[in-house]
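Okay, so here's the structure we're looking at.
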Amino acid sequence: MTQTADSANDRSPQAVLEDAFSRFAPDRIAISFSGAEDVVLIDMAAQLVDELQVFSLDTGRLHPETYTFIEQVREHYGVDIEVLMPDPEEVNEMVRKKGLFSFYRDGHQECCAIRKIQPLRKKLATLDAWITGQRRDQSVTRTEVPQWQDDQAFGTAERPLVKVNPLAGWSSAQVWQYIRNEQVPYNPLHDRGFLSIGCEPCTRAVGPHEHERAGRWWWEEATRKECGLHAENLAAETQSVRIIE
Amino acid sequence: MTITFVKKILADGTPCPKCQDVEERLHKGGHWDAIDETLIADERDPQSPGMHLAARLGVTRAPFFVVREDTDSGVEEKVYTVYFKFQKEVLQQQTKGSDEAREILRDNPDLDFL
Ligand code: SF4
């Protein structure tokens, strides 16, 4: 059942993880690891269960530091990390027709759909639940992220999927406090001003007062990047029915 | 069976790009004739026919399709807010995985930020 985003009723990330691992068989639940600060999930989970399923989306465009970090995490925690790659034919077709940097011209959706969403969708079809590092403070589009939700994007009526977001209520500062206190390894790009880490051509370091979302797809207008958001806010203020783009 | 297509006009008076895209795909795929009725959901006018229908059905996304069918127990209404599901189930058309992925991403803008 989907919870509402409610900081007052949030449980600790460890309690959420424990609950998730007790409800789903080890081969039916996995952590999605982006190679960034969501490493804290692996650290917490490794203390709770012996059998841990972790996957990472390798878009083929990650920073070298991220590949090295994924390897470091594999060794540090002794976990297998499944690296999911996009369908080479689809990548080839896009690159042949549009080049290697089509996202700067056409927007990032097509490339992200091929390099991230498709492999993710394929993987999620084998699971009953997945665990993400999504947090409410990461983006204005994430302010409603609950700790536990029915995944409407990838689940279906016939094949329901649960999305578990143990860190939903944590701030970036809390995540970093945990990383320091527990001496969790982290991606060295964070020390170079990268708050959010994604693909190399689409991620940049941000200034001290910039939001982490500003480090992604910065060439796209905010309204496109946060698709549907403005309509949603406007609609919520002015009418009882709102239709999201 | 009757099919209603509801497309949105944004609060600034411009057509919703996703609705335009879906309409274009219906035309390109030769499915426009399957649509019996097109309603406008104008965000500036909660009484516009599309907004009215959305309110009645509790729909919060656009574009959307309403498929009405006569059954033994009366008229059954099915709402589709995801185009590729509508394509597959109602138009019985094969969809490309990459198109489906794009639609998932467009409906869930957070997913790229993984
Ligand atoms: S973040 Fe950039 S390079 Fe990576 S999949 Fe998306 S558009 Fe492509």
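Please treat every number below as a calculation from the coordinates, not as lab data. Please read these numbers as outputs of a predicted model, since none were measured by experiment. Every residue, glycine as well, gets a Cβ built from its backbone with ideal geometry; the counts of neighbours run over all protein chains shown.
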> Helix hunt in chain A: which complete DSSP H runs extend at least 18 Å axially by C-alpha with mean Kyte-Doolittle at least 1.6?
Replying inline: none
> Considering chain A as a Gaussian network with a 10 Å cut-off on Cα pairs, which listed residue, A:198, A:215, A:207, attains the greatest mean-square fluctuation?
Replying inline: A:207
> Out of residues 5 or more away from residue A:148 or on other chains, whose amide H comes under 5 Å of its own, with H placed 1.01 Å from N in the peptide plane?
Replying inline: A:3, A:165
> Using a Cα distance threshold of under 18 Å, what count of lysine pairs results for region B:2-113 when pairs must be 8 or more residues apart or interchain?
Replying inline: 14
> Hey, how many Å between the Cα centroid of region A:52-69 and the Cα centroid of region A:113-127?
Replying inline: 15
> After finding the eigenvalues of the alpha carbon gyration tensor for region A:107-229, what semi-axes result from the square roots of 5 times each, listed largest first in whole Å?
Replying inline: 25, 20, 15
> What is the mean number of Cβ atoms from other protein chains located within 10 Å of the Cβ atom of each residue in peptide A:106-113, rounded to a whole number?
Replying inline: 4
> With contacts defined as alpha carbon pairs under 8 Å and 6 or more residues apart, what's the relative contact order of region A:2-242 in percent?
Replying inline: 23
> Evaluated at 10 °C with a viscosity of 1.306 mPa s, what Stokes-Einstein diffusion coefficient in µm²/s does region B:2-113 have when Rh comes from the Kirkwood expression over alpha-carbon pairs?
Replying inline: 108
> Restricting to chain B, what percent of DSSP beta bridges are antiparallel, rounded to 5?
Replying inline: 70
> Kirkwood Rh over Cα pairs of region A:37-144 into Stokes-Einstein at 25 °C, 0.890 mPa s: D in µm²/s?
Replying inline: 155
>> Cut-off 10 angstrom, C-alpha nodes, Gaussian network model of chain B. Which of B:74, B:50, B:97 fluctuates the most?
In response: B:74
> Can you give the FRET efficiency for residue A:172 and residue A:9, using 1/(1 + (r/R0)^6), R0 = 22 Å, r = Cβ-Cβ distance, to the nearest 0.05?
Replying inline: 0.55
> residue B:79: net charge of surrounding residues, Cβ under 13 Å, Lys/Arg +1, Asp/Glu -1, itself excluded?
Replying inline: +1
> Pairs of lysine in chain A with Cα under 18 Å and at least 8 positions apart or on different chains: total?
Replying inline: 5
> Okay, which of region B:87-108 sit inside 18 Å, backbone N to the point 7 Å along the Cα-Cβ direction of residue A:159?
Replying inline: B:87-89, B:94-105
> With the contact rule set at Cα under 8 Å and sequence spacing of 6 or more, what percent relative contact order holds for region A:88-177?
Replying inline: 25
> Under a point-charge model restricted to the Cβ atoms of Lys and Arg (+1) and Asp and Glu (-1), what is the dipole moment magnitude of chain B relative to its Cα centre, in debye to the nearest 20?
Replying inline: 240
> Tally Lys and Arg at +1 and Asp and Glu at -1 over the other residues with C-beta under 13 Å from the C-beta of residue A:172: what net charge comes out?
Replying inline: 0
> In the Gaussian network model of chain A, springs joining C-alpha atoms below 10 Å, which of A:97, A:163, A:116 carries the largest mean-square fluctuation?
Replying inline: A:97
> Antiparallel DSSP bridges in the protein assembly as shown: what percent, to the nearest 5?
Replying inline: 50
> So, in Å, what gap is there between the alpha-carbon centers of region A:176-207 and region B:77-114?
Replying inline: 33
> Going highest first, how would you order B:87-94, A:35-42 by mean Cβ packing within 10 Å?
Replying inline: A:35-42, B:87-94
> At what distance in nm do the modelled label points of residue B:57 and residue B:24 sit from each other, each positioned 7 Å from its Cα along Cα→Cβ?
Replying inline: 2.4
>> Kirkwood Rh over alpha-carbon pairs of the protein assembly as shown, then Stokes-Einstein at 4 °C and 1.567 mPa s: what D in µm² s⁻¹, rounded to an integer?
In response: 59
> Peptide B:3-14: average number of partner chain Cβ atoms within 10 Å per residue?
Replying inline: 2
>> Charges on Cβ only, +1 for Lys and Arg, -1 for Asp and Glu, centred on the Cα centroid of the protein assembly as shown; of A:130, A:166, B:11, which one is farthest towards the dipole's positive end?
In response: B:11
> If you stretched the chain out fully between residue B:2 and residue B:76, how much longer would it get, using 0.36 nm times the residue separation minus the C-alpha to C-alpha distance?
Replying inline: 25.6 nm
